[in-house]
Amino acid sequence: MCDFENGFILCSCDEKNKKPELESDKNEYVWELKILKKRIPARGITDFPGSNIGKGLKSEWVLLNLMNRNCFDFDYQPSNGDNLIIYNPQSHKSPFGKPAYLSFIYRNGEWAEDFYNEISELTKLMNKGKVKTTQKNV
């Protein structure tokens, strides 16, 4: 059973070996790295990030790891405005149709719990992958 309480890595997994969307594991967590492209004047309701999306993925724990080590499996230096989102695509959806998620934005040299409002802040996907446990199977 996959549990991230003992550590995790943000894997940029090989797209050639990706399972079709319909076959995705209910316990699979994914991440997306986005950057703000444009702010537009708009009003509306959006989903807010949570603080615990299960399997040990709590905002405090993820933030602690982001601040203390390189969690990515590829060469990456965060830039001001980078937005990391972690979620389980199969998790309970909100009334707006989105799964529960964690969100962090890199500003002034550190990660912080924050999010871009998808209604008034347009983002561009930079990279994505799976959240993998660093726990050894026993």
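The values are calculated or read from the model by the stated rules, or taken from the named source; none is laboratory data. For clarity, every value in this text was computed on a predicted model and none was experimentally measured. Reconstructed Cβ throughout: ideal geometry from the backbone, glycine too, with neighbour counts over all protein chains shown.
Can you name the residue in segment 88-108 that is under 20 Å from Asp73 (Cα atoms) and of a type outside the set (Val, Ile, Thr) and, of all such residues, is farthest from the chain's Cα centre (by Cα)?
First, the residues of segment 88-108 that are under 20 Å from Asp73 (Cα atoms): 88, 102-106.
Filter again for of a type outside the set (Val, Ile, Thr), leaving 88, 102-104, 106.
On the way: Asn88: 9, Leu102: 6, Ser103: 6, Phe104: 8, Tyr106: 13 Å.
The selected residue is Tyr106.
For segment 82-104, indicate whether the set of residues that are assigned to a loop (DSSP other than H, G, I, E, B), surrounded by 13 or more Cβ atoms within 10 Å (Cβ to Cβ) and in contact with a helix residue (DSSP H, G or I) (Cβ under 9 Å, 6 or more places away or on another chain) is non-empty.
Yes, some residue in segment 82-104 is assigned to a loop (DSSP other than H, G, I, E, B), surrounded by 13 or more Cβ atoms within 10 Å (Cβ to Cβ) and in contact with a helix residue (DSSP H, G or I) (Cβ under 9 Å, 6 or more places away or on another chain).
Is at least one residue of segment 35-42 surrounded by 11 or more Cβ atoms within 10 Å (Cβ to Cβ), small (Gly, Ala, Ser) and modelled with pLDDT of 80 or more?
Looking for residues that are surrounded by 11 or more Cβ atoms within 10 Å (Cβ to Cβ), small (Gly, Ala, Ser) and modelled with pLDDT of 80 or more, one finds none in segment 35-42, hence no.
Identify, please: which residue in segment 58-81 is among the hydrophobic types (A, V, I, L, M, F, W, C) and in a loop (DSSP other than H, G, I, E, B) and is, among those, nearest to Leu10 (Cα to Cα)?
In this case the residue turns out to be Cys71.
For Asp47, indicate whether it is surrounded by 13 or more Cβ atoms within 10 Å (Cβ to Cβ) and at pLDDT below 90.
Taking the combined requirement at face value, the residue satisfies it.
Any idea which of (1) in contact (Cβ under 8 Å) with a residue 24 or more places away in the chain; (2) under 14 Å from Leu33 (Cβ atoms); (3) surrounded by fewer than 17 Cβ atoms within 10 Å (Cβ to Cβ); (4) not basic (Lys, Arg) is the one Ser120 doesn't satisfy?
(2)
Do you know which residues across segment 23-57 are in contact (Cβ under 8 Å) with a residue 12 or more places away in the chain, within 14 Å of the chain's Cα centre (by Cα) and part of a strand (DSSP E or B)?
Tyr29, Val30, Trp31, Glu32, Leu33, Lys34, Ile35 - these are the residues of segment 23-57 that are in contact (Cβ under 8 Å) with a residue 12 or more places away in the chain, within 14 Å of the chain's Cα centre (by Cα) and part of a strand (DSSP E or B).
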